[in-house]
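Have a look at the structure below, then the notes.
The values are calculated or read from the model by the stated rules, or taken from the named source; none is laboratory data. Because the structure is predicted, anything quoted here is derived from the model rather than measured. Using ideal geometry, Cβ is built from the backbone for each residue, glycine included, and neighbour counts are taken over all protein chains shown.
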Amino acid sequence: MKTRVVVVTGGNRGIGREICRQLAKLDLMVVLTSRSQKDGLEAVAEFDKQELPVRYCPLDVTDPSHILKLKDFLIKEFGRCDCLVNNAGIFLDNNEGNFFNTDVATVRETMETNVCGPYLLCQALVPLMKKNNYGRIVNLSSGLGQLSEMGGGYPAYRMSKTAINVVTRVLAAELADTNILVNSMCPGWVKTRMGGSGAVRSVEQGADTAVWLATMPDGGPTGKLFRDRKEISW
Ligand SMILES: NC(=O)c1ccc[n+]([C@@H]2O[C@H](COP(=O)([O-])OP(=O)(O)OC[C@H]3O[C@@H](n4cnc5c(N)ncnc54)[C@H](OP(=O)(O)O)[C@@H]3O)[C@@H](O)[C@H]2O)c1
């Protein structure tokens, strides 16, 4: 099979679902993953109706056994993995949350989903990418994780999004002599369950830069942070 195979986490709703749609429209074989099988299968059924190439695999990113099963699924069904979009994320801080009233349990839980999940997924799937000397990894970050713009509030989420940028930088450096490109992106403030109804961007706009990075030609940027297809500071 020559078609590129791309894994998207948290593909059942929000920005992740739109990333799946846009990538499938470009004729990539999308493996939509979600922690709720019911929600994931519903999303895949809708894509099926539009004759888009989307398959389903269950995945709670905090469960290492799910990650191993995903890897087995990719090997068995496609014999390859070309791209990973680490989209799944949680925002547990409340709006009045600050450094002193945010429980460390909230920090730990947020890190588990937003950082450790992507970390384990990269460890599991990069070896498949190396086999074909081709890979694209896109980590969904946020302006709230930019050290250059860092303010108060939302400590758990901010720390997790700074940390996912570390995953991007370290991995990009270690893969510098390969054709595996690793980048972070900020989707902007997007109307989703996480972003809320006051957000200013559509999911289409939020997904655009992730899709652009996921389909970047050889020789493209690696180890960078983007918003609206432009590099921004860490
Ligand atoms: N919306 C924004 O304004 C905004 C801004 C900056 C960055 N981002 C980032 O963009 C990404 C997508 O956000 P969104 O706005 O689309 O959020 P969303 O609507 O809340 O969707 C989050 C997705 O992540 C999934 N998820 C959460 N924990 C998971 C786990 N343990 N395993 C697998 N899936 C899990 C959710 O699944 P369930 O349906 O099962 O909960 C859902 O599919 C996140 O990484 C977020 O931090 C969003």
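If you check residue 97 against the conditions, is it touching a residue at least 40 places away in the same chain (Cβ under 8 Å), in contact with a helix residue (DSSP H, G or I) (Cβ under 8 Å, 6 or more places away or on another chain), under 27 Å from residue 203 (Cβ atoms) and assigned to a loop (DSSP other than H, G, I, E, B)? Answer is yes for this residue. Within the stretch 141-160, restricting attention to residues that are closer than 17 Å to residue 210 by Cα and part of a loop (DSSP other than H, G, I, E, B), which residue is nearest to the ligand (Cβ to nearest atom)? Applying the filter and picking the extreme gives 142. With the condition kept exactly as written, say whether any residue in the stretch 38-48 is aromatic (Phe, Trp, Tyr), more than 9 Å from the ligand (Cβ to nearest atom) and touching a Leu at 6+ places or on another chain (Cβ under 8 Å). The answer is yes; a qualifying residue exists. Checking each residue of the stretch 202-209 against the condition of being assigned to a helix (DSSP H, G or I), touching a Ser or Thr at 6+ places or on another chain (Cβ under 8 Å) and not charged (D, E, K, R) gives at least one match. Residues in the stretch 164-202 that are within 11 Å of the ligand (Cβ to nearest atom), of a type in the set (A, V, I, L, M, F, W, C) and surrounded by fewer than 20 Cβ atoms within 10 Å (Cβ to Cβ): 189, 194, 199, 200. Scanning the stretch 104-140 for residues that are farther than 20 Å from residue 35 by Cβ, within 16 Å of the ligand (Cβ to nearest atom) and not in a helix (DSSP H, G or I) yields one hit, 137. Considering 32, 70, 28, the condition of being away from the ligand (no atom under 15 Å from the Cβ), crowded, with 20+ Cβ neighbours inside 10 Å and modelled with pLDDT of 95 or more is satisfied by 28 alone. Close Cβ contacts (under 7 Å, 6 or more residues apart or on different chains) running from residues in the stretch 103-122 that are closer than 17 Å to residue 153 by Cβ and modelled with pLDDT of 95 or more to residues that are crowded, with 17+ Cβ neighbours inside 10 Å and of a type in the set (S, T, N, Q) comprise 110/160; 114/160.
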